[in-house]
Amino acid sequence: MIPCTSIITCSTGLPCPASGIWESIGSFKTTRPIAKGNKMPDYCGKKVSWKLIQIG
């Protein structure tokens, strides 16, 4: 995988713009692999924003 050098974000419910490892933005962080085109997930039942941290 390649580290992401530009900031790419996406919110829960929207289609994923790029495959890779995504990290939730906020107090409690988690990471998830998400494929391009898949719906961005929620975290602990709440809508969150996600930041791409590794392209792949």
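The values are calculated or read from the model by the stated rules, or taken from the named source; none is laboratory data. None of the values given here were measured: they were computed from a predicted structure. Neighbour counts run over all protein chains shown; Cβ positions are idealised from the backbone, glycine included. Heads up: the accessible areas ignore ligands, DNA and RNA and are worked out on the full protein's heavy atoms, side chains in. Shrake-Rupley method; radii C 1.70, N 1.55, O 1.52, S 1.80 Å.
Some observations on this one:
Each row is one residue, and each column tells you yes or no for (1) modelled with pLDDT under 95; (2) touching a strand residue (DSSP E or B) at 6+ places or on another chain (Cβ under 6 Å); (3) in a loop (DSSP other than H, G, I, E, B); (4) open to solvent by 40 Å² or more (accessible area, probe 1.4 Å).
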{"residue": "Ile7", "(1), (2), (3), (4)": "yes, no, yes, yes"}
{"residue": "Cys10", "(1), (2), (3), (4)": "no, yes, no, no"}
{"residue": "Trp22", "(1), (2), (3), (4)": "no, yes, no, no"}
{"residue": "Pro41", "(1), (2), (3), (4)": "no, no, yes, no"}
{"residue": "Gln54", "(1), (2), (3), (4)": "yes, yes, no, yes"}
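- Residue check, Lys47 of a type in the set (Lys, Arg), out of contact with any Cys (no Cβ under 6 Å at 6 or more places or on another chain), free of Cβ contacts under 8 Å to residues at least 60 places away in the same chain and surrounded by fewer than 15 Cβ atoms within 10 Å (Cβ to Cβ): yes
- Filter result for Cys16 (of a type in the set (A, V, I, L, M, F, W, C) and open to solvent by 50 Å² or more (accessible area, probe 1.4 Å)): no
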